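The values are calculated or read from the model by the stated rules, or taken from the named source; none is laboratory data. Nothing here was measured: the structure is a model prediction, and the numbers come from that model. Here the Cβ is made from the backbone with ideal geometry for all residues, glycine too, and neighbour counts use every protein chain on show.
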């Protein structure tokens, strides 16, 4: 079970830890101070944030659990599912998730700001949730029979996580249908990059599937590009479908592998543009590139897709991405806890804010529920002639390769895939 957090920096707050050992009230105030100085919305969701401090510091706290409950109540006033407090167990779990190893069922959750429904951004491939049939955009309505109405994302994460080998029953709404899934929790090590040479076009195609922007992602992507370049392929297809995102820095490092010059992403906080990340002249390839995206491509996936599109480095094929354009900073607080704070919005190089809108593809290619289920049951079909979005990406890549070589081509001739 993954949390929807993009880590951009985590400093150790020893002062907060020392204070918390003396008084839980100090933790409440530490969290208030961090929000006051860093939260992206200077109006705090039209809340009188100073009055909130007075309200919560006037209370008495007998235990750490009292402080945790108060902090979560305080953060609810921001109406931001991505700004959240993590107790020590939750914080440790989050750190494990971003390291490339997780314990749970393999879902990344979001919470709709208007309906407060718990929405699956994407199941991680080769995890219990993926194998069971959980899909992007599924709405979780019950966890082990308990309604999720009014439940915040932290509580849902706690209920879905658990000991390896135990089961959790998720009831989900998919369109008009209600479905129930009994899923066994597991410990999963995720290698986020898979790559292979494919001979679906003359000269060969380098196919790279990136499933998560973990700490392992950049190194594995570098290896994939270098190995495929050594095989002399003519172009690349980068598959970001159902990639729910992860570490912001990983997306920046990977973008730099594809182009030498240009902006990658800018972050905008409540004072304005805070930082612009740019390419650094260290691209690993200039071969033609097509990127596959869909409704499960979120956050860091959208940063990478937007950077490649806006710099005319790649053509995007598939369906519109998820639409998460907010950046969180995660830092330790108190005695082992953690705080994720929305500190900025990110913009693509062309200044586009995709939050709640997503990135539309340059070439739209839908995929039927029947074929999606077929590929879920047999993952070896992904990136083959049985995968319509991959086949469309091949058509586009063939045109880009021909253009790069100065050859004439037409998109009206269907591609023959062996």
Report task. Go through 158, 154 for me and flag whichever is touching a residue at least 60 places away in the same chain (Cβ under 8 Å), out of contact with any strand residue (DSSP E or B) (no Cβ under 8 Å at 6 or more places or on another chain) and closer than 25 Å to residue 190 by Cβ. Result -> 158
Requested in this report: Check residue 254 against each of (1) more than 17 Å from residue 193 (Cα to Cα); (2) part of a helix (DSSP H, G or I) and name the one condition it does not meet.
Outcome: (1)
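Restricting region 327-350 to residues that are in contact (Cβ under 8 Å) with a residue 60 or more places away in the chain and in a loop (DSSP other than H, G, I, E, B), which is nearest to the chain's Cα centre (by Cα)?
Going through region 327-350, the residues in contact (Cβ under 8 Å) with a residue 60 or more places away in the chain turn out to be 327-349.
Pick out the ones that are also in a loop (DSSP other than H, G, I, E, B) and you get 334-336, 348-349.
Working: 334: 27, 335: 28, 336: 24, 348: 16, 349: 19 Å.
Only one residue tops the list, namely 348.
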Report task. Please indicate, with yes or no, whether at least one residue in region 318-326 is over 21 Å from the mean Cα position of the chain (by Cα), on the phi < 0 side of the Ramachandran plot and assigned to a loop (DSSP other than H, G, I, E, B). Result -> no
Query raised in the report: With respect to residue 370, is the statement that it is at pLDDT 95 or above and under 27 Å from residue 138 (Cα atoms) true?
Result: no
Query - Any pair with Cβ under 6 angstrom, 6 or more apart, that starts in region 76-100 at a residue that is closer than 12 Å to residue 331 by Cβ and outside the structural domain of residue 119 (by TED's automatic domain parsing) and ends at one that is part of a loop (DSSP other than H, G, I, E, B) and at pLDDT below 90 - result: 94/3
Query raised in the report: Can residue 260 be described as modelled with pLDDT of 95 or more, outside any helix (DSSP H, G or I) and surrounded by fewer than 17 Cβ atoms within 10 Å (Cβ to Cβ)?
Result: yes
Requested in this report: Please specify each residue of region 197-235 satisfying the condition of being touching a residue at least 40 places away in the same chain (Cβ under 8 Å), under 22 Å from the mean Cα position of the chain (by Cα) and part of a strand (DSSP E or B).
Outcome: 207, 209, 210, 213
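Just give me the residues in region 57-67 being assigned to a helix (DSSP H, G or I) and closer than 10 Å to residue 25 by Cα, in sequence order.
Step one: of region 57-67, the residues assigned to a helix (DSSP H, G or I) are 57, 64-67.
Listed by number, the residues that qualify are 57, 64, 66, 67.
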Requested in this report: Inspect region 272-284 for any residue being in contact with a strand residue (DSSP E or B) (Cβ under 9 Å, 6 or more places away or on another chain), assigned to a loop (DSSP other than H, G, I, E, B) and over 26 Å from residue 108 (Cα atoms) and give the result as yes or no.
Outcome: yes
Query raised in the report: Any idea which residue in region 239-251 is modelled with the highest pLDDT, counting only those that are closer than 13 Å to residue 302 by Cβ and part of a helix (DSSP H, G or I)?
Result: 251
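Hey, among 160, 153, 172, which residue is crowded, with 16+ Cβ neighbours inside 10 Å and either closer than 30 Å to residue 231 by Cβ or at pLDDT 95 or above (or both)?
Working: 160 fails: either closer than 30 Å to residue 231 by Cβ or at pLDDT 95 or above (or both); 153 fails: either closer than 30 Å to residue 231 by Cβ or at pLDDT 95 or above (or both).
Sole residue among the options that is crowded, with 16+ Cβ neighbours inside 10 Å and either closer than 30 Å to residue 231 by Cβ or at pLDDT 95 or above (or both): 172.
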Query raised in the report: Which numbered condition trips up residue 287, out of (1) over 15 Å from the mean Cα position of the chain (by Cα); (2) within 22 Å of residue 120 (Cα to Cα)?
Result: (2)
